[in-house]
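Below you'll find the structure, written out as structure tokens, and then a few comments.
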């Protein structure tokens, strides 16, 4: 792991790296993958230490972190190539190569190509796409399960419309019951309270009392 002082030293010279520097930067980048500075230092040290396929695999990705591609290229041109000679250097290089391979294979099955990704994306046209495609896209983005809808292609739109505005028991709350009372919809308020008794048995006595009061109120209204 690279300490603060070593990191500051590297900032003062972004174009020269030892094999140990490379190894430490790789570890730091793995810990903080969205740090743009570490991404830059990683690609520069990749070139310095001759990391396999650094230009094809990682350079396109790093350029996405930087608005100034020309500056990155100028740094790359100034990088000093590192001589790998000692056993420690060879071991560190093998470890870095393995780490880079795992990093690449974990995210990309092939060389990263952002234009390919953009061109592969297609919006669904509601004017020309078949009904089944539009429905599938809707279910995909809304995280719906097809079995919950049934065979909607064979159901008249009027039926689907009615189904979409059916009362949802999950919306039955004490507040809703009070609102219905104030609106004078006493029968509906009673129905909500009856459902709340099942939902919240610990408050059943309170809801039962309200039901009795509302039923009495309905009877009094009939007498009047």
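The values are calculated or read from the model by the stated rules, or taken from the named source; none is laboratory data. Quick caveat, the model's predicted, so the values are computed rather than measured. Glycine gets a Cβ as well: all are built from the backbone with ideal geometry, and neighbour counts include every protein chain shown.
Here are the numbers:
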read-out	value
Tally, over the stretch 82-98, of residues that are exposed (fewer than 11 other Cβ atoms within 10 Å of the Cβ) and within 39 Å of the chain's Cα centre (by Cα)	2
Condition met for residue 72 (in contact with a helix residue (DSSP H, G or I) (Cβ under 7 Å, 6 or more places away or on another chain), part of a helix (DSSP H, G or I), assigned by TED's automatic domain parsing to the domain that holds residue 102 and farther than 22 Å from residue 93 by Cβ)	yes
Index of the failed condition, residue 126 passing every other in (1) modelled with pLDDT of 55 or more; (2) over 24 Å from residue 21 (Cα atoms); (3) in a loop (DSSP other than H, G, I, E, B)	(1)
Candidates 194, 174, 181 - the one that is out of contact with any strand residue (DSSP E or B) (no Cβ under 7 Å at 6 or more places or on another chain) and at pLDDT below 85	174
Residue in the stretch 39-52 that is under 21 Å from residue 101 (Cβ atoms), in contact with a strand residue (DSSP E or B) (Cβ under 8 Å, 6 or more places away or on another chain) and in a helix (DSSP H, G or I) present	yes
The stretch 5-26 - residue that is touching a residue at least 40 places away in the same chain (Cβ under 8 Å) and part of a helix (DSSP H, G or I) and, of those, surrounded by the most Cβ atoms within 10 Å (Cβ to Cβ)	22
Any hit, the stretch 67-81, residues being loosely packed, with under 15 Cβ neighbours inside 10 Å and touching a residue at least 40 places away in the same chain (Cβ under 8 Å)	yes
Filtered residues of the stretch 75-89 (kept if in contact with a helix residue (DSSP H, G or I) (Cβ under 7 Å, 6 or more places away or on another chain), within 11 Å of residue 18 (Cβ to Cβ) and part of a helix (DSSP H, G or I))	89
